[in-house]
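Single-structure report; data block below.
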Amino acid sequence: MRSCPLSRRTFIGSLATVLALPARPAQATPALRQSSSQFVWLEPRRQMPALTLTDVRGRRHRLAPDGRVHVLNFWASWCPPCREEMPRLEAFARRRDARRINVAAISFDRDGASAVAPFLKRYGIEKLPVFIDPEGDVAYSDAGNRKGAPFALYGMPITYVVDRQGDIVGYISGAVDWLQPEAEAFLAAFTA
């Protein structure tokens with residue numbers, strides 16, 4: 001699957017960060033691959049901080065490690081692969097066991113709710129929890145990460161997985177078919 005590019009400077013800074021990370025051994029977790037991307041294990045792991053997220057109605061929500069696996073998808077309405085992935089992520093959100101897996105889609109649209117709300121309506125996104133991060137408080141694409149956001153955007157869409165202990169274990173960039181058995185088996189390894 002494709003991903004939307006970020007600026008060359010952001011990409012080069014992000015690439016340097018990724019290349020400096022040691023490879024994660026395969027262990028018992030099944031691989032998660034899509035046509036042009038694969039899950040990247042982060043080492044050392046970092047703990048996900050408590051996040052304050054804003055939904056499209058302006059309500060604030062707290063998201064923190066809570067014993068569930070968190071699937072955090074960062075996307076934008078202007079990104080073609082994101083438009084491809086969102087209906088599948090919606091279907092996955094409807095099927096998953098919310099007691100074991102929390103799914104959240106966090107928009108990086110600079111226009112915030114005014115860009116996101118019409119997108120959700122057009123694509124019939126109703127069950128998937130959607131939040132906005134137009135100021136880059138949760139995710140960053142600037143090389144210096146001026147705000148100290150915990151999640152790097154190496155492309156769009158990008159999905160991070162946080163395990164039950166609250167560790168950010170890794171990410172996959174590009175559109176993912178979350179309904180494929182490979183994706184389900186991958187996430188099931190974290191909930192066992």
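The values are calculated or read from the model by the stated rules, or taken from the named source; none is laboratory data. Please read these numbers as outputs of a predicted model, since none were measured by experiment. Note that each Cβ is placed from the backbone with ideal geometry, even for glycine, and that neighbours are counted across all protein chains shown. SASA here: full protein model, heavy atoms, side chains in, ligands and nucleic acids out. Shrake-Rupley method; radii C 1.70, N 1.55, O 1.52, S 1.80 Å.
The residues of the stretch 141-162 that are part of a loop (DSSP other than H, G, I, E, B) and open to solvent by less than 10 Å² (accessible area, probe 1.4 Å), listed by number, are ALA149, LEU153, GLY155, PRO157. All told, LEU32 meets the bar of being at pLDDT below 95, open to solvent by less than 10 Å² (accessible area, probe 1.4 Å), farther than 20 Å from GLY124 by Cα and not basic (Lys, Arg).
Residue by residue, here is whether (1) part of a loop (DSSP other than H, G, I, E, B); (2) more than 19 Å from TYR140 (Cα to Cα) holds:
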{"position": "LEU53", "(1), (2)": "no, no"}
{"position": "HIS61", "(1), (2)": "no, yes"}
{"position": "VAL71", "(1), (2)": "no, no"}
{"position": "ALA98", "(1), (2)": "yes, yes"}
{"position": "ASP109", "(1), (2)": "yes, no"}
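Tell me, please, whether a residue that is crowded, with 17+ Cβ neighbours inside 10 Å, over 18 Å from LEU42 (Cα atoms) and either without any contact (Cβ under 8 Å) to a residue 60 or more places away in the chain or touching a Ser or Thr at 6+ places or on another chain (Cβ under 7 Å) (or both) can be found in the stretch 167-175. No, the conditions are met nowhere in the stretch 167-175. Restricting the stretch 98-115 to residues that are of a type outside the set (A, V, I, L, M, F, W, C) and out of contact with any helix residue (DSSP H, G or I) (no Cβ under 8 Å at 6 or more places or on another chain) leaves a set whose member that is most open to solvent (accessible area, probe 1.4 Å) is ARG99.
One residue stands out among those in the stretch 55-68 that are touching a helix residue (DSSP H, G or I) at 6+ places or on another chain (Cβ under 9 Å) and over 12 Å from ALA104 (Cβ atoms): the one that is most open to solvent (accessible area, probe 1.4 Å), which is ARG57.
Pairs linking a residue in the stretch 71-89 that is over 13 Å from GLY174 (Cα atoms) and open to solvent by 10 Å² or more (accessible area, probe 1.4 Å) to a residue that is of a type outside the set (A, V, I, L, M, F, W, C) and assigned to a strand (DSSP E or B), with Cβ atoms under 8 Å and 6 or more positions apart or on different chains, are SER77/SER107.
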